[in-house]
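Structure first, then comments.
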Ligand SMILES: [Zn+2]
C-alpha cells in the first residue's frame, strides 16, 4: 500500500496520547536528559528491536544496529557510538546481541552478490574461514548457520574488547560486555559470553597501554 506509512504516523499519535494519559509528566522528563545504563549493538533485522524484546522503555538503552551486528574497527559510526556511550553516557553494560536465522550471516555463507553489503559481510566470511572445520562438520544447514551466528557474536564481542575505550573502562571495572543471541522461534535470549571469558580470548597483541 502506497500510503502505508500513515499507519506509523497514526500509531505515533495514539502512543503519545497514551503516554500522556498514563503519566502527564512523561515527555517533560524525557526532554531533560538521557541516562541509559546499556549500549545495545544488534542486527538491523526488523524482528529484533532492542526495547521490545527486553521489556525496556525509552531512555533505557542507547542503540546501534547494523546488518549482522558487526564491530568493525574502521567503522566510524560504530566507534563514535561506543566511545560516546562509554565516555559520556557512562553506560555500565555493552550488549552485543545477534539472532538465530540471521539473514546477513546466512548470506555470508553463500556466493550470491547483493551489492555493497557483500563488502560488509566479508567480515563474516573471514570468520567462517577460521572456523571452517567446525562449521563444515555440521551437516544440517540451519544448525550450521546458527552456529556461525553464535561464533559471530563472540568474535564481535572480542572486537569490542580490542578497542582502547572499552579496554580502559574494563580495567577500571566500570563496564561489562555481554554476548547474547536472540531466538526468533521462542523469543528468548541466550547468554553466550561474559566479560571475563571474552578478555581471556583476546590475544595480548591487541592490548593497549591505557594509563
Ligand atoms: Zn540479522
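Can you sort 131, 5 from fewest to most other Cβ atoms within 10 Å of each residue's own Cβ?
Ordered from fewest to most neighbouring Cβ atoms within 10 Å, 131, 5 come out as 5, 131.
Determine, from the Cβ-Cβ distance of residue 200 and residue 76 and an R0 of 25 Å, the FRET efficiency 1/(1 + (r/R0)^6), rounded to the nearest 0.05.
About 0.30, to the nearest 0.05.
Measure out, as a whole number of angstrom, how far apart the alpha-carbon centroids of the stretch 52-109 and the stretch 175-211 sit.
12 Å
Which whole-number percent is the relative contact order of the stretch 4-82 (Cα, under 8 Å, 6+ apart)?
25 percent
How big is the Cα convex hull of the chain in projection, averaged over all directions, in nm²?
That works out to 14.9 nm².
In Å and from the alpha-carbon atoms only, list the Rg and Dmax of the stretch 68-152.
Final numbers for Rg and Dmax: 14.8, 46 Å.
For 202, 157, what ranking results if the residue with the fewest other Cβ atoms within 10 Å of its Cβ goes first?
Least crowded to most crowded, the residues run 202, 157.
Note down the nm distance, to one decimal, between modelled labels 7 Å out along Cα→Cβ at residue 31 and at residue 47.
Here the modelled spin labels are 4.0 nm apart.
Test of understanding: ordering 158, 13 by Cβ neighbours within 10 Å, fewest first, what list do you get?
So the residues, fewest neighbours to most, are 13, 158.
Starting from 0.36 nm per residue, how many nanometres of slack lie between residue 83 and residue 208 once their C-alpha separation is accounted for?
Between residue 83 and residue 208, full extension yields an extra 43.4 nm.
Need the full-extension length gain, residue 22 to residue 188, defined as separation in residues times 0.36 nm minus the C-alpha distance. One decimal, nm.
Extra length from residue 22 to residue 188 when fully extended: 56.9 nm.
Quick check: pseudo-label points 7 Å beyond the Cα along Cα→Cβ at residue 5 and residue 92, how many nm apart are they?
That separation, rounded to one decimal, is 4.0 nm.
Read-outs throughout are calculated quantities, based only on the coordinates presented, and are distinct from any laboratory measurement. Note that the structure is predicted; figures quoted are calculated from it, not measured. Positions of Cβ are generated from backbone atoms using ideal geometry, with glycine treated the same way; all protein chains shown enter the neighbour counts.
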